[in-house]
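Heads up: the structure comes next, in structure tokens.
The values are calculated or read from the model by the stated rules, or taken from the named source; none is laboratory data. Computed from a predicted structure; not experimentally measured. Note that we place each Cβ from the backbone using ideal geometry, even for glycine, and neighbour counts take in every protein chain shown. Remember, those area values only see protein heavy atoms, side chains included, never the ligands or the DNA or RNA. Shrake-Rupley method; radii C 1.70, N 1.55, O 1.52, S 1.80 Å.
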Amino acid sequence: MGTTQTIHTIGVIGAGQMGGGIAQVAAVHGFKTLVCDASSAALGRCRDGHTKRLAREVEKGRMKDTDVQAAVGRLHYVESLEMLKGADIVIEAIVEDAKTKRELFAKLATMFPTQILASNTSSISITEIAASVGPQGHPERVVGMHFFNPVPVMKLVEVIRGLQTSADTVTRVTNLAASLGKTPIPANDRAGFVSNRVLMPMINEAFFAWMEGVAEPQHIDEIMKLGCNFPMGPLRLADFIGLDTCVHIMNVLADGLGSDRYRPCPLLKQLVAAGRLGDKTQRGVYDYAPSAPSMTASSTGHKSAAGV
Ligand code: NAD
């Protein structure tokens with residue numbers, strides 16, 4: 001195992017909200033960054049997102065144009081896993097589905113025999129993902145690196161140590177997170193770790209409150225903002241995270257913690273079934289389409305609550 005190998009090149013699999021954000025931060029912090037996605041449309045959106053967000057950094061005076069150009073030059077968008085060859089670490093940020101992640105890690109085990117394999121999973125067991133590389137595939141190099149959305153802004157990386165993860169792997173990704181300007185904090189491998197075990201049941205409960213007619217969505221959000229000093233309400237946050245991701249996480253909590261109190265709210269599941277996934281489809285709890293009417297004065301900038 002090349003455990004002492006220095007990290008120069010970072011491979012990111014999944015060019016969605018999280019993978020795109022991780023890749024941006026890696027490139028800005030000087031790493032050659034290879035971003036891979038199964039969908040070429042997703043790669044295109046990722047590249048456009050980088051161009052737009054990095055240009056805004058220059059406009060706001062937070063980055064120099066020359067630094068942005070250098071970061072852009074370090075970003076490479078690739079359509080196959082083979083093209084990630086040369087990466088010193090691979091960070092996976094694909095869909096929150098255990099079977100899909102296990103299949104991917106089984107492939108990565110042989111393609112990247114010595115590199116650290118990190119998952120940005122929100123809730124899925126790192127021990128289970130690590131087992132998919134097999135005993136010969138060095139499960140001790142599989143670790144959780146849980147970034148937060150939006151990655152360029154949020155400081156935390158929850159570092160998850162699976163049952164077989166080595167101390168050396170934990171140290172290396174902790175150091176990497178710090179060199180990306182983040183604050184790494186360790187957590188053990190239980191469903192949802194710390195962040196989503198605490199956060200996601202609250203979001204799910206907000207959907208139950210809405211479903212039971214306790215209050216309108218915008219009022220639920222305003223109550224939680226003003227009453228608990230949250231920067232955004234739980235339903236707005238659910239749209240931001242992605243309602244499909246919220247359902248996946250609740251299912252993992254229900255299975256992993258073995259309690260019915262974690263079952264995803266039927267209304268949340270129904271919105272996902274309707275294809276209303278939140279910001280990424282421009283419609284979830286709220287409507288973000290450019291033509292949607294704006295909400296009242298206390299709005300956080302989102303559009304009207306979309307009817308159900
Ligand atoms: P997303 O839907 O925005 O992006 C997922 C991307 O993965 C898509 O572009 C899809 O084409 C790609 N993909 C799916 N299967 C693939 C495969 N087998 N190979 C290559 N690419 C594949 O999702 P996201 O919000 O970026 O979430 C990604 C991961 O990050 C999930 O595990 C999620 O739980 C986790 N996460 C999400 C958030 C959040 O707030 N959204 C926060 C922390 C962690």
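Below are the figures for this structure:
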quantity: Some residue of region 12-30 being touching a residue at least 24 places away in the same chain (Cβ under 8 Å) and more than 20 Å from P150 (Cα to Cα); calculated: no
quantity: Pairs where the first residue, in region 233-257, is of a type in the set (D, E, K, R) and the second is buried (at least 23 other Cβ atoms within 10 Å of the Cβ) and assigned to a helix (DSSP H, G or I), C-beta under 8 Å, 6+ apart; calculated: R236/D221
quantity: Condition check for R45: within 22 Å of K155 (Cβ to Cβ) and at pLDDT 95 or above; calculated: no
quantity: Residue satisfying all of: in region 40-50; within 11 Å of the ligand (Cβ to nearest atom) and in contact with a Gly (Cβ under 9 Å, 6 or more places away or on another chain); nearest to H76 (Cα to Cα) among these; calculated: C46
quantity: Residue within region 3-16 that is farther than 15 Å from G86 by Cβ, at pLDDT 95 or above, within 6 Å of the ligand (Cβ to nearest atom) and open to solvent by 10 Å² or more (accessible area, probe 1.4 Å) present; calculated: yes
quantity: Residue within region 79-88 that is away from the ligand (no atom under 16 Å from the Cβ), within 20 Å of T165 (Cβ to Cβ) and touching a residue at least 24 places away in the same chain (Cβ under 8 Å) present; calculated: yes
quantity: Condition broken by D97, with the remaining ones in (1) within 13 Å of the ligand (Cβ to nearest atom); (2) touching a residue at least 60 places away in the same chain (Cβ under 8 Å); (3) closer than 23 Å to H29 by Cα satisfied; calculated: (3)
quantity: Members of region 122-134 that are in contact with a strand residue (DSSP E or B) (Cβ under 6 Å, 6 or more places away or on another chain) and either among the aromatic types (F, W, Y) or within 11 Å of the ligand (Cβ to nearest atom) (or both); calculated: I129
quantity: Selection from region 73-110 of residues that are open to solvent by 70 Å² or more (accessible area, probe 1.4 Å) and in a helix (DSSP H, G or I); calculated: E82, M83, K99, R102, E103, K107, T110
